[in-house]
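First comes the structure, then the notes that go with it.
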Amino acid sequence: MKRQSIISGFIFGLLLGVLGLRLYLLFWGYFQYEFIVPPGGDPAVHLQFINAIQRGTFQIGAYPPAFHFIVAWLAQALALPTVTILILVGPFLVVLPALAVFLLARAWFDRVTALLAAALIGLTGASPILAYMDGNYPNLIAGGFFLILGITALVLGLRKQPVFYSTLASLSFLAVALFHHLTYGLLLAILVVYFLALWILKWFKIGSVPYLRTVSWIVLPSLLLTVAVALLLAGPEVILPALRDLLGGQPPSIFDSALRTPIRLGQYNEIVGPVVVVSGILGIIFLIQRRDLPWERRLFLLLWIGIVFALSRTQFSGLPARFARELGIPLALSGGLLGTSLMKLSTDRSHQLASGAILALFLVSQTVMLTTGPAQLPESFSRLIWFDKSDQEKLAYLEDLPVGSRILATPSSPYYEALLPEYKFSALAAMDLTNERKTGQLIQSRADYLFVDTLPATNPDPIAYPYFANYDRARVALENYSGARIIKTFADGSVVKRVIATLPAVQ
């Protein structure tokens, strides 16, 4: 008993080391470069949702709001700016998948597999880092924690304590619907296929589990509730339009055409991480052969990998690259099984310990951000920080304009709109730039001030980040508009103009 306690404590210490190293790498850029906003553009969108909640103007139907309500509450409780809360909370969300993977693998398999799987996704996995870089915070919570917690409980309930585990699974699935619609869609697809497989195998007497009927009676009706919740929170603007397109034989038009393009096979290494991909694929072979593991657990993991891979290969999923990211967690679990299977090839304890130490050193040497992958130090997230100290000066000037002023701007940084909630701030879109006359009339009818800003110094890729796609055209349109005069010029050439001409408004 004492020996087992020592081993458990040692593994727990290693897990803390994995989580601690990841948190250090994530926070490093904030201390080194004094980032004042999180990386990427989605945090600015989340800020707008949170601002709407704080002002009492949030409307249900566009995005599940659980994350935004929590951040709004934290900002009020701690008396901190909302953007500061996002900076503090974001990195901790990145380690949730590693923690959840550890819990799942510990419950389904064993503690060594759990540690290896957590290290794979926590250190060598690129997908959690990419999600953070894009600001996919609700996705990290929903897909990186609650989905994993729910399926852990669901599969355990097939053999023991079915009422308890089914209830826990149902509550976890409800949490997924409250946090993220895309993750919920993935979860629903996996569960439907899994339950169908279980009942078909039972019908043909190929495989059975003791409590399939009990689990089905609890979980399946609860899924109907979560479907209703998902439709309420994101149905009108996301789910229903996507379903209409799919039923019409078209890929979802709510997503940009570039984002609907299936990724190349070589891109999986970039999106998921080469160590996770290779170990996960090889681990599938050992997963199939591990007859000592309950068959329903192996089946779930195989279906999980297969369904996510299929969704990443078709434009009809809407976001193939986003679904490719979701391969990281099941492949890490498969890779963890590979590691333990290889270690067990030798029965000598000293050989197992030596191979474990070598494996640990290898995983650390392949840590994303430390030695490889996106956001590698010392650059960190510098290329994705779209609001810096020079922008703070411009923000301060804009805040001195009369409250409620209409400010029309170039698509330079999505953070201005988020940080100016008391103003009607908007950026010129492609539809606003069809011809010069219409653009001029639009400016006159929609703007009191024009803000001609520069692009971030990192010059974001307009294909990867469509927000910036019309920057050049918008800048020319605002610079050439003759019905405004410059009232402020900044050191980097950005200007603020006051609209003074009277032109007929667009009817």
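Rule-based calculations on the coordinates, nothing more; no lab input. This is a predicted model, so every value here is computed, not measured. Here the Cβ is made from the backbone with ideal geometry for all residues, glycine too, and neighbour counts use every protein chain on show.
Summary table
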item	result
Antiparallel DSSP beta bridges within the chain, percent to nearest 5	55
Packing-based exposure ordering (other Cβ within 10 Å, fewest first) of Thr152, Thr214	Thr214, Thr152
Counting all C-alpha pairs of segment 386-499, share separated by more than 24 Å (%)	18
The chain: relative contact order as a whole-number percent, Cα under 8 Å and 6+ apart	16
Ellipticity estimate at 222 nm from DSSP helix runs (n ≥ 4, -39,500 (n - 2.57)) divided over the chain, nearest 500	-19000 deg cm²/dmol
In segment 160-236, the trypsin sites (Lys or Arg not before Pro) that fall in loop regions by DSSP, at most 12 other Cβ within 10 Å	Lys160, Lys205
Relative counts (whole %) of C-alpha pair distances in segment 27-184, using bins that are 5 Å wide	2, 9, 16, 18, 18, 15, 11, 7, 3, 1, 0
Magnitude of the charge dipole, the chain, Cβ model with Lys/Arg +1 and Asp/Glu -1, debye to 20	1700
Rg to Rh quotient for the chain, alpha carbon positions, Kirkwood Rh	1.02
DSSP-assigned coil residues among chymotrypsin sites (Phe, Trp or Tyr not before Pro) in segment 157-258, each with at most 14 further Cβ atoms within 10 Å	Phe204
Additional length obtainable on full extension of the chain from Val227 to Ser8, 0.36 nm per residue less Cα span	74.9 nm
Span from the segment 124-148 Cα centroid across to the segment 246-280 one, whole angstrom	16
Cα centre as origin, Lys/Arg/Asp/Glu Cβ charges: segment 386-499 dipole, Debye	500
Mean separation of Cα contacts under 8 Å (6+ apart) over length of segment 386-499, as relative contact order %	29
Segment 316-474: relative contact order as a whole-number percent, Cα under 8 Å and 6+ apart	19
DSSP-defined antiparallel bridges as percent of all bridges, segment 386-499, nearest 5	55
